[in-house]
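**Student:** Mind looking over this structure? Questions follow.
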Amino acid sequence: MRSTATFCSFFGRWQSAVGLLLTGVVLAGCQSWAGEAVAARAAVAVAPAPDSSAAPALPDSLRLTPLEPLAAVPDSLRQAVRQLRAKLGPEAEMPRPEVLERACVGYLMLRQAGKISQPGILAVADMDLPSSEKRLWVLDLGKAQVLHRSHVAHGRGSGHLRARRFSNVMKSACTALGFYRTQDTYGGKHGLSRRLRGLDAGQNDNALRRYVVLHAADYVSQQHLQRHGQAGNSRGCPALPPDQYRAIIRTVGEGGCLYLSGPGLESKWLNPEAAARQLAARGWQ
């Protein structure tokens, strides 16, 4: 069992970086395994005085994987993304700037290639964040608005609180990273669902064959999150809260862009120079 000194030291360093976002995770007893959550609560109950010299070491670290800014991004594009982020306001303090920049570059490239047809609509999920956090944003780029923000599940094959493994393989039950085109809707066992077509060859292009879709799940409900401190896991679908899924599915529409970001993702759509030309020619539309 790790000492409360370790826990408090970790919390102090992270509170200034992620504020109330992380505070909510800690108070909920964030967990990657049931035993770890129990151990953390027990440690709090018998806490000695904090030791500022202790090194942070939680059982499922909340330290995000470093993400380097894209190389060779023209100043015009980088400035446009920064301005967009500023206009989006407090709701967009996450995703991280590097994630948003990649999402915008990919969106512009996919619009240029005619792979997506919903102008200005971009859904971004930072799957490196723990499932206890609201890590999905649906943005209107033209109006610089956050239309929706919600929790979203990752596949049980990818991990528990944190998604650490990603796969495009059939029956892997993993989340697959990359850019997706939102397809048609249908009524399935989860109710209204929207199919997803993976646009990154070898990384998520089995999405239709794996039945990876947007759908509702009770394990992403507020009741589940309050009880367990994190979302449950899907079979690879980015499952949504029951009280938000209909609005999100309708907003992204058919032909929209969804970007699932995570460690190790490489995509041919991340071409900043071509994206800058598209932005100069047509804006976010």
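**Student:** Only four residue types carry charge here, +1 at the Cβ of Lys and Arg and -1 at the Cβ of Asp and Glu. Report the dipole size of segment 243-285 about the Cα centre in Debye, rounded to the nearest 20. Mind showing how you got there, number by number?
**Tutor:** Working: 5 positive and 4 negative charges, 31 e Å.
So the magnitude is around 140 debye.
**Student:** What distance in nm separates the simple spin-label points at Q222 and A280, each placed 7 Å from Cα in the Cβ direction?
**Tutor:** 4.8 nm
**Student:** What list of ³J(HN,Hα) couplings, whole Hz, do you get for segment 208-217 from phi and the Karplus terms 6.51, -1.76, 1.60, once you set θ to phi - 60° and write x for glycine and proline?
**Tutor:** 5, 5, 8, 6, 7, 9, 7, 7, 7, 8
**Student:** Pull out the extension gain between D75 and R209, defined as 0.36 nm times the separation in residues minus the alpha carbon to alpha carbon distance; nm, one decimal. Display every interim value, and only then the final one.
**Tutor:** Numbers: separation 134, 0.36 × 134 = 48.24 nm, distance 3.98 nm.
Length gained, D75 through R209: 44.3 nm.
**Student:** Let me ask something else. Between S117, L161, C174, whose Cα lies farthest towards the positive end of the dipole of segment 90-243 when Lys and Arg beta carbons carry +1 and Asp and Glu beta carbons carry -1, centred on the Cα centre?
**Tutor:** C174
**Student:** Relative contact order (percent) for segment 219-285, with alpha-carbon contacts under 8 angstrom and 6 or more residues of separation? Write down the numbers at each step before the final one.
**Tutor:** Values: 20 pairs, mean separation 14.6, N = 67.
Computed value for segment 219-285: 22 percent relative contact order.
**Student:** Now for a different question. Tell me, what ³J(HN,Hα) does each residue in segment 102-109 have, in order and in whole Hz, if you take phi through Karplus 6.51 cos²θ - 1.76 cosθ + 1.60 with θ = phi - 60° and put x for Gly and Pro?
**Tutor:** Residue by residue, segment 102-109 yields 4, 4, 5, 4, x, 4, 4, 5 Hz.
**Student:** Mind checking which aspartates and glutamates have their C-alpha under 13 Å from K189, skipping anything on the same chain fewer than 8 residues away?
**Tutor:** Of all the aspartates and glutamates, those that pass the test against K189 - Cα under 13 Å, at least 8 places apart if same chain - are D218.
**Student:** Let me ask something else about it. In terms of modelled amide H atoms, which long-range or inter-chain residues lie less than 5 Å from the amide H of Q183?
**Tutor:** R195, L196, R197, G255
**Student:** Can I ask one more? Mind listing the phi-derived Karplus ³J(HN,Hα) values for segment 175-181, rounded to whole Hz, using 6.51, -1.76 and 1.60 with θ = phi - 60°, and x for any glycine or proline?
**Tutor:** Computed from phi, the couplings for segment 175-181 are 6, 10, 7, x, 8, 10, 9 Hz.
**Student:** Using amide H atoms built 1.01 Å from N in the peptide plane, name the residues 5+ places from A216, or on other chains, whose amide H lies under 5 Å from its own.
**Tutor:** L240
**Student:** Summarise the accessible area of segment 100-250 (1.4 Å probe, protein heavy atoms) by the percent that is carbon and sulfur.
**Tutor:** Within segment 100-250, the accessible surface is 45 percent carbon and sulfur.
**Student:** Ok, one more. Calculate, for segment 92-222, the solvent-accessible area per residue in square angstrom, rolling a 1.4 angstrom probe over the heavy atoms of the protein chains.
**Tutor:** So segment 92-222 comes to 35 Å² accessible per residue, rounded to a whole number.
**Student:** Let me ask something additional. Ranked highest first by average number of other Cβ atoms within 10 Å, how do 227-233, 121-127, 274-280 line up?
**Tutor:** On the way: 227-233: 20.6, 121-127: 25.1, 274-280: 19.0.
Per-residue mean Cβ counts within 10 Å order the peptides as 121-127, 227-233, 274-280.
**Student:** At a 10 angstrom cut-off on C-beta neighbours, averaged per residue, how do the peptides 133-145, 170-182 rank from highest to lowest? Before the final figure, lay out the partial values.
**Tutor:** Numbers: 133-145: 20.2, 170-182: 22.5.
So the order, starting with the most tightly packed, is 170-182, 133-145.
**Student:** Can you give me the long-range amide H partners of L139? Hydrogens built in the peptide plane at 1.01 Å from N, cutoff under 5 Å, separation of 5 or more residues or another chain.
**Tutor:** Sorted by chain and number, the residues that satisfy this are L122, A123, V124, L147.
**Student:** In percent, how large is the relative contact order of segment 123-268, given Cα pairs closer than 8 Å and 6 or more residues apart?
**Tutor:** 29 percent
The values are calculated or read from the model by the stated rules, or taken from the named source; none is laboratory data. Everything numeric here is computed off the predicted structure, so don't read it as measured data. A quick note on method: Cβ atoms are made from the backbone with ideal geometry, for glycine too, and the neighbour counts reach across all protein chains shown. The accessibility values were calculated without ligands, DNA or RNA, using every heavy atom of the protein model including side chains. Shrake-Rupley method; radii C 1.70, N 1.55, O 1.52, S 1.80 Å.
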